[in-house]
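Only one structure is covered here, and it is reproduced in the block below.
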Amino acid sequence: MHSPQPATSPISPKRSIRIAFMTWKDDYSVGVAEIDQQHRQLLDLINKLHDAMKAGGSPTALARVLEELIGYTRRHFTFEEFLMKQCGYPGLEPHRVQHRQLVEKIESFQAEVACGKATLSLRLMSFLKDWLALHILESDKQYSRDMQRSGVA
Ligand SMILES: [Fe+2]
């Protein structure tokens, strides 16, 4: 039998549950530990940017987080492309194009932020989140077998 509800809840109504903007799913795993780790880090940086946007930080603070995200994204793409090359993955070139297009897009956004023409919006955040999820699920997962077989990872 259930005990009656206490008159006052032990959870303060003022305490809000913080839900991350983007959460890791097992389905995102590409079966290569180092790449999964880097993807988790990218997710964390997208969440960090989202938090900074929600907190209404100064343009300088936002620009700093954006720079961090772009820098890490570039290093991650370079690493991924290196492994794809090492294992002779045949889809390297079109994959590289996808990477380049994203970097160009966020760099042009960064330039607009720098000159005050644009600011972070939920629309941009959703774009980043959807791009990463779709890219992992539809493009990155295609190299899994080749990388695992060749033993480069
Ligand atoms: Fe990729």
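Only the coordinates and a few stated rules stand behind these numbers; no lab work does. Model, not experiment: these values are computed from the prediction. Cβ atoms come from the backbone with ideal geometry, glycine included; neighbour counts cover every protein chain shown.
Computed values, structure above
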read-out: Condition met for Ala63 (part of a helix (DSSP H, G or I) and surrounded by 15 or more Cβ atoms within 10 Å (Cβ to Cβ)); value: yes
read-out: Residue list for the range 127-153, filter: of a type in the set (Lys, Arg) and either more than 10 Å from the ligand (Cβ to nearest atom) or in contact with a helix residue (DSSP H, G or I) (Cβ under 8 Å, 6 or more places away or on another chain) (or both); value: Lys129, Arg145, Arg149
read-out: Cβ-Cβ under 7 Å pairs, at least 6 apart or on other chains, the range 46-66 side more than 17 Å from Cys115 (Cβ to Cβ), far side surrounded by fewer than 16 Cβ atoms within 10 Å (Cβ to Cβ); value: Asn47/Ala20; Ala52/Ala61; Val65/Lys48
read-out: Residue match in the range 95-110 (condition: surrounded by fewer than 16 Cβ atoms within 10 Å (Cβ to Cβ) and among the aromatic types (Phe, Trp, Tyr)); value: no
read-out: Pairs, first more than 12 Å from Met147 (Cβ to Cβ) and among the basic types (Lys, Arg) in the range 79-96, second assigned to a helix (DSSP H, G or I) and within 10 Å of the ligand (Cβ to nearest atom), C-beta under 7 Å, six or more apart; value: Arg96/Glu81
